[in-house]
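K.L.:
The structure's right below; bear with me while I get my questions together.
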Amino acid sequence: MSTESSPAQTRLSRAVITLDGPSGSGKSSTARGVARALGLRYLDTGAQFRAMTLWMLENGIDIHDPSAVAAQTHLVPLESGTDPARPTISLAGRRIAKEIRGQAVTQAVSPVSAVPEVRARLLQLQREIIGSGGIVVEGRDIGSVVWPQAELKLYLTADPSARAQRRTRQSGAVDLAKTEADLLRRDQHDSSRSSAPLVVPDGAVHLDTTDYTLEQVINQVVAMVDEALANP
Ligand code: DC
């Protein structure tokens, strides 16, 4: 039996698949599930913006002062691990997956991620990690700014109430109405900032996940990847 890879397998090993969309649209679980199903790496860029924010808070930087945040950006010792079975995010080797999901970071992340120097530093890091491909990357500006040449670009949405319910389950928060209000406030902030706002990237497939289970969405995306790589 031949051990050579087929052209489609070779294309898959170099492919970049982007998933953008608002919080709670199912991006993270979908991106991770697709990466696992296809044997690709996985990058959660939201976790990187959250890690930057945690570092600013822990170091007493006023997150509402863009020049103070900008001046610190290059000092943040951030690392992302891309195994979809066990993705990691660290500051100087300290694992911070739990801390970055807390209320303090969630409330502070939008102003920090609107600072152009923060975006420039993370853009460079994200492009380095993507490198020669074989990765599923999720965020807000991946298909529009970070990697517009991706083999497949997706834009995920869901109804705000479905998104709030998912977030409540993920974070253990109890107040559904507050979670929905926080989520809509963050959408508004992320969509209206001048630097790399949340937009539907050119050429992206729009997928509304409201009425589907995670497994159904993962299967749909895997089928789209197969098709995109079979007919490049
Ligand atoms: O996906 P998330 O909720 O963990 O993202 C946290 C914040 O990071 C989100 O409010 C906006 C910002 N973000 C961004 O500006 N660009 C990205 N590519 C990913 C996240």
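The values are calculated or read from the model by the stated rules, or taken from the named source; none is laboratory data. Given the structure is predicted, the values throughout are model-derived calculations rather than measurements. Please note: Cβ atoms are built from the backbone with ideal geometry, for glycine as well, and neighbour counts cover all protein chains shown. Ligands, DNA and RNA are excluded from the accessible area calculation, which covers all protein heavy atoms including side chains. Shrake-Rupley method; radii C 1.70, N 1.55, O 1.52, S 1.80 Å.
K.L.:
So which residues in the stretch 14-44 are more than 16 Å from the ligand (Cβ to nearest atom) and either open to solvent by 70 Å² or more (accessible area, probe 1.4 Å) or on the phi > 0 side of the Ramachandran plot (or both)?
P.N.:
If the condition is that a residue be more than 16 Å from the ligand (Cβ to nearest atom) and either open to solvent by 70 Å² or more (accessible area, probe 1.4 Å) or on the phi > 0 side of the Ramachandran plot (or both), then ARG14, ARG36, GLY39, ARG41 are the ones that fit.
This table checks each residue for (1) part of a strand (DSSP E or B); (2) open to solvent by less than 40 Å² (accessible area, probe 1.4 Å); (3) over 20 Å from VAL76 (Cβ atoms).
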residue: ALA97; (1), (2), (3): no, no, no
residue: SER110; (1), (2), (3): no, yes, no
residue: LEU122; (1), (2), (3): no, yes, no
residue: GLN126; (1), (2), (3): no, yes, no
residue: GLN149; (1), (2), (3): no, no, yes
residue: LEU154; (1), (2), (3): yes, yes, yes
residue: SER161; (1), (2), (3): no, no, yes
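K.L.:
Is at least one residue of the stretch 63-73 more than 16 Å from the ligand (Cβ to nearest atom), open to solvent by 10 Å² or more (accessible area, probe 1.4 Å) and assigned to a loop (DSSP other than H, G, I, E, B)? Walk me through it before giving the result.
P.N.:
First pass over the stretch 63-73, keeping only residues more than 16 Å from the ligand (Cβ to nearest atom): 65, 67-68, 71-72.
With open to solvent by 10 Å² or more (accessible area, probe 1.4 Å) added as a condition, the list becomes 65, 67-68, 71-72.
From the residues that got through so far, the ones that are assigned to a loop (DSSP other than H, G, I, E, B) too are 65.
Yes, the stretch 63-73 contains a residue that is more than 16 Å from the ligand (Cβ to nearest atom), open to solvent by 10 Å² or more (accessible area, probe 1.4 Å) and assigned to a loop (DSSP other than H, G, I, E, B).
K.L.:
Do we find that SER23 is part of a loop (DSSP other than H, G, I, E, B) and under 23 Å from ARG127 (Cα atoms) in this structure?
P.N.:
yes
K.L.:
Right, next: If I filter the stretch 184-213 down to residues being more than 16 Å from the ligand (Cβ to nearest atom) and in contact with a helix residue (DSSP H, G or I) (Cβ under 8 Å, 6 or more places away or on another chain), which single residue comes out as most open to solvent (accessible area, probe 1.4 Å)? Before the answer, list the steps.
P.N.:
Our first condition is that a residue be more than 16 Å from the ligand (Cβ to nearest atom); within the stretch 184-213, this holds for 202-203, 205-208, 210-213.
If we keep only those that are in contact with a helix residue (DSSP H, G or I) (Cβ under 8 Å, 6 or more places away or on another chain) too, we end up with 202-203, 205, 207, 210, 212.
Details: ASP202: 131, GLY203: 74, VAL205: 54, LEU207: 15, THR210: 38, TYR212: 100 Å².
This residue is ASP202.
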